[in-house]
């Protein structure tokens, strides 16, 4: 399946600081550019840390080196945007510097950027589930199950031949860009019931 990449969402014109940039100058950079955080890079553009507004409020120091959070949590441009979102939630950060193969800064992606993944129209999500999941990935007819999408929530209803097929369908649907959650209304002949008691499975959850 095709997934939206971090490189398609990142900002490549990044405001940065050096480790020796003064506390005052970092605060000025945030205010002048109306941003809430920035990466700290060395002379070779390697990311050595990240500074957020909360870092400035919590720590008083003479330079960026004294207030930055390190080591920085980074991603690569070719990584899936959904995976970057999960990393952001897991590590409790608001932004991720994007680095190349040599770990040099090439961009930055924020939570706001990643939320654009969830703005795909419902008809497009339904089409991608039918074409990319059912047909391409699972080699099933596009109408093998009913696919209903409302506000990014996908409801899968119907009967499949095997429980393993239903489990795979749920997993793959969760990973389609734009899917907020998946509601399970599937059954298989080996259990004759819904696949899981918990009928709604959340995908790319920013609140976990």
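Taken together, the values in this text are just the output of simple stated rules run on the coordinates, not laboratory data. Please read these numbers as outputs of a predicted model, since none were measured by experiment. Methodologically, a virtual Cβ is constructed for each residue, glycine included, from the backbone with ideal geometry; neighbour enumeration extends over all protein chains shown.
Expressed as a whole percent, how much of the Cα-Cα distance distribution for the stretch 6-117 exceeds 25 Å?
The proportion of pairs with Cα distances above 25 Å equals 15 percent.
Using a 10 Å cut-off around each Cβ, can you sort 28, 5 from fewest to most neighbouring Cβ atoms?
28, 5
Using Cα springs under 10 Å in a Gaussian network model of the chain, which residue among 76, 46, 33 shows the largest mean-square fluctuation?
Of 76, 46, 33, the Gaussian network model singles out 33 as fluctuating most.
Using only Cα atoms, what Kirkwood radius does the stretch 50-113 have, in angstroms?
About 12.6 Å for the stretch 50-113.
Which angle between 0 and 90 degrees, to the nearest 10, do you get for helix 23-33 versus the longest principal axis of the chain when only C-alpha atoms count?
Once rounded, the angle reads 50 degrees.
What list do you get for 88, 138 if you sort them by fewest beta carbons within 10 Å?
Ordered from fewest to most neighbouring Cβ atoms within 10 Å, 88, 138 come out as 138, 88.
If you look at just the Cα atoms of the chain, how large are its Rg and its Dmax in Å?
21.2, 67
Just to confirm the number: angle between the C-alpha axis of helix 163-174 and the first principal axis of the chain, 0 to 90 degrees, nearest 10?
Between helix and principal axis, roughly 40 degrees.
Of all beta bridges DSSP finds with both residues in the chain, what is the antiparallel percent, to the nearest 5?
70 percent
Taking the Cα centroid of the stretch 1-73 and of the stretch 136-195, what is the distance between the two, rounded to the nearest whole Å?
41 Å
Where the Cα atoms of the stretch 90-175 are projected onto their three principal axes, how long is each span, largest first, in whole Å?
The principal-axis extents, from largest down, are 48, 28, 22 Å.
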